[in-house]
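**Student:** Take this structure, written in structure tokens, and hold onto it; I'll ask about it next.
The values are calculated or read from the model by the stated rules, or taken from the named source; none is laboratory data. Fair warning: this is a prediction, and the values are worked out from it, not measured in the lab. Here the Cβ positions follow ideal geometry from the backbone for every residue, glycine too, while neighbour counts run over all protein chains shown.
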Amino acid sequence: MKFGIFMPNGRNGYIMSSASPQYMPTFAHNKAIAIEAEAQGFDMILSMMKYRGFGGDTGYWDACLETFTLMAGLAAATSRVELFPSVTLPALHPAIVARMVSTIDDISGGRCGLNIVTGWNKAEYEQMGLWRGDAYYKQRYEFAKEYLSVLRSLWENGSTTYHGANFDLDDCQSSPLPRHRIPIVSAGQSPAGMRFVAEFGDRSFVQAGPDRLKQIVANLKNAGKEFGRQVGAYAVFQVIAAESDAEAAAMTQNIVGHADTTAIANMIGSAMLDTNPNGISEYQTQGMTRPVKDGNSAFMTIPAVYGSFEAVALQLDSIIAETGIDGMLFSFPDFVTGARNFGEKIRPHMKNG
């Protein structure tokens, strides 16, 4: 079982509430988290990328550290954890990304992977003149296949000539090559997104409550078998742990009770533009009344596991045993303390950790 941390490089991390810690993203904060992650035996860290936040009273994600430069800095500050920056496909040409990943691969001694984000939030790209039109909602995984084909050709050969529907490259050069294979991850949960990961990815990040998670994992692994591939399923969870169940429950309910409803409404408004069925954007539009264990909007629709340290350990063990996941990616209200508590107070109680 592998464990990772969803790094808070956007303002206020992954909780849309005034009752959680309020902070601007800084390199110092993310460095402290990465160092604690290594000390506590975490296997990987992943940073997202957002070019336009959702505002509200908390200014949610209105500030965001750039993912590749952040992970390059963290590569130099760490020695063991895998590092996954996120490429938002409409914003960056694959030939540029190929060099950036090769650079982080060199800095880290072969610990760099890449998270593929097809980009469903129209406002992010439209403000820069980079939105590819509303047809992109349904075409984005075909775009992603071409994008990844270009990337892999550059990484493997150092040059490529490619003429496709979306890219036109003539003897495009990219050197130095990464010295290690670059693992690809993605969080697509629509049927199209799942097939993309099954055919081209190494890991999928799944955002769903325990009951729904089991079926999604089974679907993903079955899709992988169609392509003769094994794909890892990593579940994303918020962890709110305290000395007692009552304390953790009070923290959780306080976060929900002080949710930033304006920021949530802005996020849902953007998600509703996405016509791709059964995907993560559709999941986000339904989060206002969803129980926290299944992904309430106050927690960015990431399912929350909460309770005493021992109770959280039991819940995580149960999820691992019942769903067939290969790893977990965590968010915490306080990331440094959360990572330390997981390593020192939760994981020792786990049977499957």
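Residues are listed down the side, and each one gets a yes or a no for (1) closer than 26 Å to residue 195 by Cβ; (2) in contact with a strand residue (DSSP E or B) (Cβ under 6 Å, 6 or more places away or on another chain); (3) assigned to a helix (DSSP H, G or I); (4) not aliphatic (A, V, I, L, M):
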residue	(1), (2), (3), (4)
134	yes, no, no, yes
140	yes, no, yes, yes
146	yes, no, yes, yes
149	yes, no, yes, yes
153	yes, yes, yes, yes
161	no, yes, no, yes
166	yes, no, no, yes
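**Student:** Inspect the range 180-198 for any residue being surrounded by fewer than 22 Cβ atoms within 10 Å (Cβ to Cβ) and at positive phi and give the result as yes or no.
**Tutor:** So far as the range 180-198 goes, no, none of its residues is surrounded by fewer than 22 Cβ atoms within 10 Å (Cβ to Cβ) and at positive phi.
**Student:** May I ask you to list pairs of residues, at least six apart or on different chains, whose Cβ atoms are under 6 Å apart, with the first in the range 1-14 being on the phi > 0 side of the Ramachandran plot and the second being crowded, with 24+ Cβ neighbours inside 10 Å and not in a loop (DSSP other than H, G, I, E, B)?
**Tutor:** Matching pairs, first to second residue: 12/60.
Let's see how each residue does on (1) of a type outside the set (Ser, Thr, Tyr); (2) farther than 20 Å from residue 186 by Cα:
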residue	(1), (2)
73	yes, yes
76	yes, yes
89	yes, no
115	yes, no
119	yes, no
125	no, no
133	yes, yes
145	yes, no
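**Student:** Among the numbered conditions (1) of a type outside the set (A, V, I, L, M, F, W, C); (2) surrounded by fewer than 22 Cβ atoms within 10 Å (Cβ to Cβ); (3) closer than 19 Å to residue 83 by Cα, tell me where residue 149 comes up short.
**Tutor:** Only one criterion is unmet by residue 149, namely (3).
**Student:** Still on this structure, please answer the following. Does the range 21-57 hold any residues that are in a loop (DSSP other than H, G, I, E, B) and either over 25 Å from residue 340 (Cβ atoms) or within 16 Å of the chain's Cα centre (by Cα) (or both), and which are they?
**Tutor:** 42, 43, 48, 49, 50, 51, 52, 53, 54, 56, 57
**Student:** Select, from 135, 165, the only residue that is free of Cβ contacts under 8 Å to residues at least 24 places away in the same chain, more than 15 Å from residue 100 (Cβ to Cβ), in contact with a helix residue (DSSP H, G or I) (Cβ under 7 Å, 6 or more places away or on another chain) and surrounded by fewer than 19 Cβ atoms within 10 Å (Cβ to Cβ).
**Tutor:** The unique qualifying residue is 165.
**Student:** Is at least one residue of the range 225-232 closer than 27 Å to residue 85 by Cα, under 21 Å from the mean Cα position of the chain (by Cα) and outside any loop (DSSP other than H, G, I, E, B)?
**Tutor:** yes
**Student:** Here are 113, 119, 158: which of them is surrounded by fewer than 17 Cβ atoms within 10 Å (Cβ to Cβ) and either at positive phi or modelled with pLDDT of 95 or more (or both)?
**Tutor:** 158
**Student:** Across the range 294-350, what is the total count of residues that are touching a residue at least 60 places away in the same chain (Cβ under 8 Å), closer than 20 Å to residue 234 by Cα, part of a loop (DSSP other than H, G, I, E, B) and out of contact with any strand residue (DSSP E or B) (no Cβ under 9 Å at 6 or more places or on another chain)?
**Tutor:** Final tally of qualifying residues: 1.
**Student:** Another question about this same structure. When only residues in the range 132-155 that are modelled with pLDDT of 95 or more and polar (S, T, N, Q) count, which is nearest to residue 177 (Cα to Cα)?
**Tutor:** Filtering the range 132-155 for residues that are modelled with pLDDT of 95 or more and polar (S, T, N, Q), the one nearest to residue 177 (Cα to Cα) comes out as 153.
**Student:** Also, quick follow-up: For residues in the range 101-132 being of a type in the set (Gly, Ala, Ser) and in a helix (DSSP H, G or I), which is nearest to residue 45 (Cα to Cα)?
**Tutor:** 108
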